[in-house]
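Notes follow once the structure below has been shown.
The values are calculated or read from the model by the stated rules, or taken from the named source; none is laboratory data. Please read all numbers here as calculations on a predicted model, not as lab measurements. Cβ placement follows ideal geometry from the backbone for every residue including glycine, while neighbour counts extend to all protein chains displayed.
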Ligand SMILES: *Cc1c(COP(=O)(O)O)cnc(C)c1O
């Protein structure tokens, strides 16, 4: 298994992360357990901030909190000087409870409710990324009532869809998000937003995909957004001070993945914005970006205890662990690929081909199809790498499994940042109407 961040194999042959032996972490906290490498999270934040500082441009790097949103994570991101994207009242509440500076919070989403808009307006958040005309007019009306003028970006779809190694360039976008540049709806939205008195239009936002390994999709998106911006300068005298090019920067899950360095993405984006605005009569806008996965993805590892196995001769051997799609739905949802190692015998030869299954009642509940491991047996500890993004944040209580704890490790210390759910948590919101109460006779 590729060793990310501070991960290493110690003298006992155990996987160690952040100076903490995973065998000891299992003893202390149990499994399944999410382990987050603090140093690697901070390093990724700094790579983005340093790369932008080197460009000399004005910028904001907003961590897309949906990738992994807890109060401790908000604190880390705040300390590193990033901004924060939220997509719901729940993410906003988490950030506010963590004391995240509201002026550095950006509110996304294609269906923000009136209650969410109010909550965010009352909090005084830094920017709304407005997705559609209904939201635009609703926000303007609520802000007018409150005597406020929130800053907004308009989310546009530039007709570029990027995935991993290719991007698809389409004139029209079939997407639930944003205003289409190609069919004129983005133009109309800018004109309308510009006339509203209770919003302040800062600029445009686009997000072209995720797990992207090349810069060309970003370059084409930057070019289309810039052309669109300059058309509005010429036609309407509307000037934008911000261009937000979204997130989607890829990470290495397995040897098949070949992401660029953070600095390469940042430089390409900065260059294309500078190039496309070089001969415009306005100032070059600020660049904002929104990495999620690439801040936390490779900093996360999930520890499981191996339980049963089933060998089907000539077909495959299933090895089951004490978690599954309830803590990591990505394999079931996206056919995601992961690397893993037997953490208590990490030096042993990985020579047995197995598939790692979860314990949920669902044939699709698989974590890894076809991986070579060191003959996993009951009681072994399995570490799955690169689970920091879209694992905890997508976890569920399917089969009433309790969601795992999250520990933050650094320099030999481990701190629980999310407690393991208790049985009491599982039934905490359950209510039983009086007519369904078990009679005393039945209960005893
Ligand atoms: C999901 C999302 C991001 C973050 O994407 P990553 O692939 O995690 O970097 C950024 N911006 C928007 C609008 C998103 O929807």
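Key figures
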{"quantity": "Hits in segment 194-206 - residues which are over 9 Å from residue 152 (Cα atoms) and surrounded by fewer than 23 Cβ atoms within 10 Å (Cβ to Cβ)", "calculated": "194, 195, 196, 197, 198"}
{"quantity": "Any hit, segment 95-113, residues being buried (at least 19 other Cβ atoms within 10 Å of the Cβ), over 14 Å from residue 152 (Cα atoms), within 16 Å of the ligand (Cβ to nearest atom) and under 17 Å from the mean Cα position of the chain (by Cα)", "calculated": "yes"}
{"quantity": "Enumeration of residues in segment 236-252 that are within 15 Å of residue 67 (Cβ to Cβ) and either modelled with pLDDT under 95 or surrounded by fewer than 23 Cβ atoms within 10 Å (Cβ to Cβ) (or both)", "calculated": "251"}
{"quantity": "Some residue of segment 136-144 being free of Cβ contacts under 8 Å to residues at least 60 places away in the same chain and either closer than 21 Å to residue 288 by Cα or within 16 Å of the ligand (Cβ to nearest atom) (or both)", "calculated": "no"}
{"quantity": "The lone exception for residue 327 - which of (1) in the same structural domain as residue 212 (by TED's automatic domain parsing); (2) crowded, with 22+ Cβ neighbours inside 10 Å; (3) not in a strand (DSSP E or B) it fails", "calculated": "(1)"}
{"quantity": "Hits in segment 283-322 - residues which are within 16 Å of the ligand (Cβ to nearest atom) and farther than 21 Å from residue 37 by Cβ", "calculated": "287, 288, 289, 290"}
{"quantity": "Some residue of segment 54-66 being in contact (Cβ under 8 Å) with a residue 12 or more places away in the chain, surrounded by fewer than 16 Cβ atoms within 10 Å (Cβ to Cβ) and either within 20 Å of residue 416 (Cα to Cα) or not assigned by TED's automatic domain parsing to the domain that holds residue 158 (or both)", "calculated": "yes"}
{"quantity": "Residues of segment 210-255 classified as on the phi > 0 side of the Ramachandran plot and within 12 Å of the ligand (Cβ to nearest atom), total", "calculated": "3"}
{"quantity": "Count of residues meeting criterion [away from the ligand (no atom under 16 Å from the Cβ), in contact (Cβ under 8 Å) with a residue 40 or more places away in the chain and farther than 17 Å from residue 107 by Cβ] in segment 145-165", "calculated": "1"}
{"quantity": "Segment 2-44, residues that are in contact (Cβ under 8 Å) with a residue 40 or more places away in the chain, buried (at least 20 other Cβ atoms within 10 Å of the Cβ) and either on the phi > 0 side of the Ramachandran plot or assigned to a strand (DSSP E or B) (or both)", "calculated": "5, 15, 17, 18, 20, 33, 34, 35, 36, 37"}
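Every residue, every condition in (1) part of a strand (DSSP E or B); (2) crowded, with 18+ Cβ neighbours inside 10 Å; (3) more than 26 Å from the chain's Cα centre (by Cα), yes or no:
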{"residue": "173", "(1), (2), (3)": "no, yes, no"}
{"residue": "176", "(1), (2), (3)": "no, no, no"}
{"residue": "192", "(1), (2), (3)": "no, no, yes"}
{"residue": "210", "(1), (2), (3)": "yes, yes, no"}
